[in-house]
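The values are calculated or read from the model by the stated rules, or taken from the named source; none is laboratory data. Values in this document were obtained by computation on a predicted structure and should not be read as measured data. Cβ: placed from backbone, ideal geometry, glycine included. Neighbour counts: every protein chain shown. Heads up: the accessible areas ignore ligands, DNA and RNA and are worked out on the full protein's heavy atoms, side chains in. Shrake-Rupley method; radii C 1.70, N 1.55, O 1.52, S 1.80 Å.
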Amino acid sequence: MLLEVRNLSVEYYVEKKRISALDDVSFSQDNGEILGVIGESGSGKTTLAKAIIRAIRPPGKITKGEILFDGEDILKMNYREFKNQILWREISYVPQASQNSLNGTMKIIDHFYDTAMSHGMEDPTEIIERAKELLKMVNLDSKVLEMYPHELSGGMKQRVLIALSLLLNPQLVIMDEPVSALDVVTQKHILDNVRKLNKELNIAIIFITHDIALAKYLTQKLVIMYGGEVMEVGKTEEIMTNPYHPYTTFLLKSIPSLRGDISQLKPIREGEISLSGCPFSNRCEYATDMCKVWTPESYTYDRRVVRCINYANKNGKN
Ligand SMILES: Nc1ncnc2c1ncn2[C@@H]1O[C@H](COP(=O)(O)OP(=O)(O)OP(=O)(O)O)[C@@H](O)[C@H]1O
């Protein structure tokens with residue numbers, strides 16, 4: 001097992017109010033596996049990614065849990081040690097809206113130099129060769145290295161960032177909504193690149209998206225999130241053909257409206273997340289009075305993890 005997140009909770013404190021962004025989140029990922037993290041806006045996806053790369057900053061705080069990477073709890077590591085040994089080298093991150101994260105005054109090659117040199121790769125020829133090799137993997141010509149970000153399309157910039165994230169040969173790359181700002185054709189090209197990288201290099205990928213159709217296309221395992229909680233975890237194929245949690249069913253029903261037009265997806269509105277009981281109970285067509293007051297735990301049923309009271313008596317507790 002490559003990654004194991006255990007009972008992770010993150011809170012933000014804003015104007016004396018406590019926002020629970022992640023509540024008791026647990027899941028695992030195997031070496032070389034593509035894991036999709038799916039949920040509507042505000043469900044905690046980016047917070048989860050940031051927790052794994054230890055980038056939660058005040059007013060946010062990890063209040064509970066463990067993140068085991070190759071068996072070691074990275075939350076317990078000294079931060080400097082984590083930064084030098086794990087970040088970029090073992091786990092890299094392609095942030096949300098990352099196309100804007102390239103520095104407009106720097107050529108693409110300088111981005112590769114910067115990252116390489118800050119991690120002890122000093123030989124310029126080696127860096128250029130590695131950059132060319134990585135660009136080729138994402139179907140970009142090496143002449144891109146001499147270009148500035150504004151000379152590239154959104155899709156090209158996204159591919160540069162994916163190439164950059166692979167510079168130090170990480171075992172795990174976390175991609176936060178990597179294609180959501182792109183047109184459908186470019187989305188497909190990039191997803192095919194990601195798939196190729198995963199196959200050829202055996203890199204594990206956490207693919208964060210609100211679009212279950214994209215996740216269906218790319219991932220092997222799914223973590224479905226709502227209101228900071230994990231609603232369901234299982235093999236993509238099994239979840240797609242037979243969802244257990246009512247929220248997953250709800251998401252799957254929304255597939256046709258999502259394809260190609262992300263503007264149709266409505267973020268979770270304030271008040272929709274139930275603050276007591278199951279977070280989905282306000283919207284769930286099967287919710288009983290019990291669901292509104294009693295917070296379900298995670299139950300393992302049929303190799304699936306489901307956080308729904310209906311599964312409480314079906315099998316043992318997780
Ligand atoms: N810096 C912050 N300060 C206060 N609250 C925050 C902060 N970052 C996130 N939150 C809150 O934490 C919750 C989870 O947000 P998060 O950004 O992780 O969700 P998300 O699923 O990634 O959403 P999106 O798809 O819109 O990025 C939300 O209620 C959000 O308002």
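Can you compute the modelled spin-label distance between His189 and Lys17, with each label point 7 Å from Cα toward Cβ, in nm?
Spacing of the two 7 Å Cα→Cβ label points: 4.3 nm.
Need one value: the accessible area of Met121 in square angstrom, 1.4 angstrom probe, rounded to the nearest 10.
Looks like 30 Å² after rounding.
Where only protein heavy atoms count, and the probe is 1.4 Å, what is the accessible area per residue for the chain in Å²?
Value returned for the chain: 47 Å² of accessible area per residue.
In whole Hz, with x marking every Gly and Pro, tabulate ³J(HN,Hα) for the stretch 219-232 from phi via Karplus 6.51 cos²θ - 1.76 cosθ + 1.60, θ = phi - 60°.
Here the 3J(HN,Hα) series is 9, 9, 9, 10, 10, 9, 10, 8, x, x, 10, 7, 8, 7 Hz.
Roughly what angle does helix 108-117 make with the longest principal axis of the chain, taking Cα atoms, 0 to 90 degrees, to the nearest 10?
For 108-117 against the chain, the angle is about 80 degrees.
Which one, Thr63, Gln158, Gly120, is farthest towards the positive end of the dipole of the chain when Lys and Arg carry +1 and Asp and Glu -1 on their Cβ?
Of Thr63, Gln158, Gly120, it is Thr63.
Using DSSP, restrict attention to beta bridges with both residues in the chain and report what percent are antiparallel, rounded to the nearest 5.
Given both bridge residues lie in the chain, the antiparallel proportion sits at roughly 60 percent.
Return one number: the angle in degrees, 0 to 90 and rounded to the nearest 10, between the long axis of the Cα atoms of helix 124-137 and the longest principal axis of the Cα atoms of the chain.
50
Going by average Cβ neighbours within 10 Å, how do the peptides 67-74, 218-225, 56-63, 242-249 rank, with the highest at the top? Kindly include the intermediate steps, with their values, before the conclusion.
On the way: 67-74: 16.5, 218-225: 24.2, 56-63: 13.9, 242-249: 21.6.
The densest-packed peptide leads the list: 218-225, 242-249, 67-74, 56-63.
Could you give the angle, 0 to 90 degrees to the nearest 10, between helix 184-201's Cα long axis and the longest principal axis of the Cα atoms of the chain?
The answer is roughly 80 degrees.
Could you report the accessible area of Glu40 in Å², rounded to 10, computed with a 1.4 Å probe on the protein chains as they sit in the structure?
Roughly 10 Å² of Glu40 is accessible to a 1.4 Å probe.
On the protein heavy atoms, probe 1.4 angstrom, tell me the percent of accessible surface of the chain carried by carbon and sulfur.
Looking at the chain in its full context, I get 49 percent from C and S.
What spacing in nm lies between the two simple spin-label points modelled at Leu275 and Thr288, each 7 Å away from Cα in the Cβ direction?
So the label points at Leu275 and Thr288 sit 2.6 nm apart.
Pop a pseudo-label 7 angstrom from the Cα along the beta-carbon direction at both Glu200 and Glu146 and give the gap in nm to one decimal.
Distance between label points: 2.4 nm.
Which ³J(HN,Hα) values in Hz, rounded to whole numbers, follow from the phi angles of the stretch 288-297 under the Karplus curve 6.51 cos²θ - 1.76 cosθ + 1.60, where θ = phi - 60° and Gly and Pro get x?
9, 4, 4, 4, 7, 10, 10, 7, x, 8
Could you please put Trp294, Trp88 in sequence from largest to smallest accessible area, using a 1.4 Å probe?
Trp294, Trp88
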